[in-house]
Amino acid sequence: MKIMDFLNKKAVTANLKATDKEGVIRELVDILAKAADIKNKEDLVKALMARESLGSTGIGQNIGIPHAKSQGVKELVAAFGLSKKGVNFDSLDGDPVYIFFLLIAPEESAGPHLKALARISRMLKDKYFREMLMKSGDEKEILRIIQEEDSKKY
């Protein structure tokens with residue numbers, strides 16, 4: 001499974017404006033909803049915030065992977081956001097989060113959802129990849145970096 005299989009190319013931003021956890025989630029949901037024609041934005045935000053209440057998806061090393069399941073999507077879909085200032089996301093290591101992958105899976109999907117989380121996590125373990133993303137200037141550059149990394153084996 002490749003990230004480009006489920007990352008919506010129109011749901012990528014190089015400049016998240018939000019300054020807190022819920023704000024980032026709302027901003028990414030907005031971007032994804034516009035790109036993927038998703039209607040139930042508020043339901044998605046509630047599902048994502050409910051997942052966050054179980055434990056932060058700020059996994060450390062400046063990475064956040066908010067994710068949830070929803071009846072509002074028919075297939076696995078993701079958005080990507082970059083925060084230039086960093087956001088307090090209650091990360092496991094206490095550091096601010098700059099790199100966000102938002103992942104939404106259909107209610108009944110377990111396998112693809114978990115594979116996608118594993119793929120994103122594995123790729124983001126590479127410090128060089130994280131640094132490239134954080135230095136990227138625009139959405140085209142972000143997509144190019146992700147596609148390049150996606151073509152490598154993990």
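Every number here is computed from the coordinates shown, using simple stated rules; none is lab data. All figures in this text were calculated on a predicted structure; none of them were measured in a lab.
Overview of values
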| read-out | value |
| --- | --- |
| Rh (Kirkwood; distinct C-alpha pairs) - the range 3-78, Å | 12.9 |
| Antiparallel DSSP beta bridges within the chain, as percent of all bridges there, nearest 5 | 45 |
| Per-bin percent of Cα-Cα distances, the range 3-149 [10 Å] | 12, 48, 36, 4 |
| Relative contact order (%) - criterion: Cα under 8 Å, at least six apart; region: the range 3-149 | 27 |
| In order through the range 18-34: 3J(HN,Hα) via Karplus (6.51 cos²θ - 1.76 cosθ + 1.60), integer Hz, x for Gly, Pro | 4, 10, 9, 4, 5, x, 4, 4, 4, 5, 5, 4, 4, 4, 5, 4, 5 |
